[in-house]
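Asker: Below: one structure in structure tokens.
The values are calculated or read from the model by the stated rules, or taken from the named source; none is laboratory data. None of these values were measured; they are calculated from a predicted model. Here the Cβ positions follow ideal geometry from the backbone for every residue, glycine too, while neighbour counts run over all protein chains shown.
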Amino acid sequence: MTVKISHTDAIQAFFKEAAGFGNDNGKPRLKSIILRVLQDSAKLIEDLDISEDEFWKAVDYLNRLGGRSEAGLLVAGLGIEHFLDLLHDVKDQQAGLTGGTPRTIEGPLYVAGAPIFEGEARMDDGSEDGVGTVLFLEGRVFDAHGKPVPGATVDLWQANTKGTYSFFDPGQSEYNLRRRIMTDSEGRYRARSIVPSGYGCDPQGPTQECLDQLGRHGQRPAHVHFFISAPGQRHLTTQINLSGEKYLWDDFAYATRDGLVGEVVFREDGARGVPGRYAEMSFDFQLQQAVDLAAEQRSHRPRALQD
């Protein structure tokens, strides 16, 4: 029978000391969080009868996870990042903040400082000409009342045909497939890109190692990430998953949501001035009104590069 001591006064006092409650220095908020982590960790060890071998194997796993910079990938794969979206949705409903394009996870691959263009931009550097299928992506940004939002920043990024992202893939040019487009007077943005590829976790990495133990795959459908922002409008973090993808509704990162599927149409009529087959996708965004200046800004999550 497992002995349980975490609830005793002596252990609780010990955890408070370890969390810094015995001094007046440090940050009270962090102390409260660490105390809860210690208490819940102890309860988990007791309730599930975690062995020392299991505990230290978990510590080693966290070391390897951090060493590969995959913590952001794992929290997406375990659904924690999606849970944050669901939590925000409920908080919004309780506050009467409804409507607009749904939010979904940012993921760990954003890079700040992408080139800025007015109205339209070409996203790719041409290195996959003849390999990738040209994609014409366009749409409009509207406010909560259905009026176009001129001057909105559409910050978008995506993978190439191999499922990798510039900055994280040294084989790609700087800011390849990353652009910021300012909407025109009609709230419209236009981008020429290539159809991105879906991709999976590194099969040798710690995230896939965990998923393997859970009997799960680590695959994502093809998608395009978006930050949408404008003065007076609530910042939107979302992504559009492309229709017809094998993992569209089986995304290991749980990013696909109703209202966030982009219908891709393939053509071969020469109307766009490109030879052979090309693709079109149109997607409009509707923003909520910002309740304060802070709502206009994206989260202060640490990212690869900061503005």
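Asker: Give just the number: which of (1) under 30 Å from residue 206 (Cβ atoms); (2) in contact with a helix residue (DSSP H, G or I) (Cβ under 6 Å, 6 or more places away or on another chain) does residue 5 not satisfy?
Answerer: That leaves (1) as the condition not met.
Asker: Same structure, new question: Find the residue count for segment 5-43, including only residues that are part of a helix (DSSP H, G or I), over 30 Å from the mean Cα position of the chain (by Cα) and without any contact (Cβ under 8 Å) to a residue 12 or more places away in the chain.
Answerer: 5
Asker: Exactly one of these conditions fails for residue 236: (1) more than 25 Å from residue 65 (Cβ to Cβ); (2) surrounded by fewer than 17 Cβ atoms within 10 Å (Cβ to Cβ). Give me its number.
Answerer: So the condition that residue 236 fails would be (2).
Asker: Looking only at residues in segment 49-82 that are out of contact with any helix residue (DSSP H, G or I) (no Cβ under 9 Å at 6 or more places or on another chain) and among the aliphatic types (A, V, I, L, M), which one is surrounded by the most Cβ atoms within 10 Å (Cβ to Cβ)?
Answerer: Only one residue fits best here, namely 58.
Asker: Look through 124, 85, 129, 89 and report the one residue that is at negative phi, part of a loop (DSSP other than H, G, I, E, B), of a type outside the set (A, V, I, L, M) and surrounded by 14 or more Cβ atoms within 10 Å (Cβ to Cβ).
Answerer: On the way: 85 fails: part of a loop (DSSP other than H, G, I, E, B); 129 fails: surrounded by 14 or more Cβ atoms within 10 Å (Cβ to Cβ); 89 fails: part of a loop (DSSP other than H, G, I, E, B).
Being at negative phi, part of a loop (DSSP other than H, G, I, E, B), of a type outside the set (A, V, I, L, M) and surrounded by 14 or more Cβ atoms within 10 Å (Cβ to Cβ) holds for just one of 124, 85, 129, 89, which is 124.
Asker: If I ask for residues that are assigned to a strand (DSSP E or B) and either under 20 Å from residue 106 (Cβ atoms) or in contact with a Pro (Cβ under 8 Å, 6 or more places away or on another chain) (or both), which ones from segment 250-279 would you list?
Answerer: To start, the set of residues in segment 250-279 that are assigned to a strand (DSSP E or B) comprises 261-262, 264-267, 278-279.
Passing the criteria: 261, 262.
Asker: From the list 242, 260, which one is touching a residue at least 60 places away in the same chain (Cβ under 8 Å) and surrounded by 14 or more Cβ atoms within 10 Å (Cβ to Cβ)?
Answerer: On the way: 242 fails: touching a residue at least 60 places away in the same chain (Cβ under 8 Å).
Criteria check complete, one pass: 260.
Asker: Right, here's the next one. Of these, 304, 255, which one is in contact (Cβ under 8 Å) with a residue 12 or more places away in the chain and out of contact with any Phe, Trp or Tyr (no Cβ under 8 Å at 6 or more places or on another chain)? Reasoning before the result, please.
Answerer: On the way: 304 fails: out of contact with any Phe, Trp or Tyr (no Cβ under 8 Å at 6 or more places or on another chain).
Within the list 304, 255, the selection yields 255.
Asker: Under 7 Å by Cβ, and 6 or more places apart or on different chains, what pairs join a residue from segment 152-172 that is farther than 15 Å from residue 126 by Cα with one that is surrounded by fewer than 20 Cβ atoms within 10 Å (Cβ to Cβ) and among the small types (Gly, Ala, Ser)?
Answerer: So the pair list comes out as 163/197; 163/198; 167/304.
Asker: Quick check on segment 215-229. Is at least one of its residues within 13 Å of residue 77 (Cβ to Cβ), assigned to a loop (DSSP other than H, G, I, E, B) and within 19 Å of the chain's Cα centre (by Cα)?
Answerer: Yes: one or more hits.
Asker: Continuing with the same structure: Looking at segment 44-66, can you tell me whether even one residue there is closer than 30 Å to residue 237 by Cα, basic (Lys, Arg), in contact (Cβ under 8 Å) with a residue 40 or more places away in the chain and not in a helix (DSSP H, G or I)?
Answerer: No, that holds for no residue.
Asker: Being surrounded by 13 or more Cβ atoms within 10 Å (Cβ to Cβ) and assigned by TED's automatic domain parsing to the domain that holds residue 124 narrows it down to one of 268, 280, so name that one.
Answerer: Numbers: 268 fails: surrounded by 13 or more Cβ atoms within 10 Å (Cβ to Cβ).
Matching residue, one of 268, 280: 280.
Asker: For segment 96-116, check the following and say yes or no: at least one residue is in contact with a helix residue (DSSP H, G or I) (Cβ under 9 Å, 6 or more places away or on another chain), part of a loop (DSSP other than H, G, I, E, B) and exposed (fewer than 15 other Cβ atoms within 10 Å of the Cβ). Spell out the reasoning first.
Answerer: So in segment 96-116, the residues in contact with a helix residue (DSSP H, G or I) (Cβ under 9 Å, 6 or more places away or on another chain) come out as 97-98, 102-109.
Retained after the next criterion (residues that are part of a loop (DSSP other than H, G, I, E, B)): 97-98, 102-109.
Narrowing the set further to residues that are exposed (fewer than 15 other Cβ atoms within 10 Å of the Cβ) leaves 98, 102.
Checked against the condition, which is being in contact with a helix residue (DSSP H, G or I) (Cβ under 9 Å, 6 or more places away or on another chain), part of a loop (DSSP other than H, G, I, E, B) and exposed (fewer than 15 other Cβ atoms within 10 Å of the Cβ), segment 96-116 yields at least one hit.
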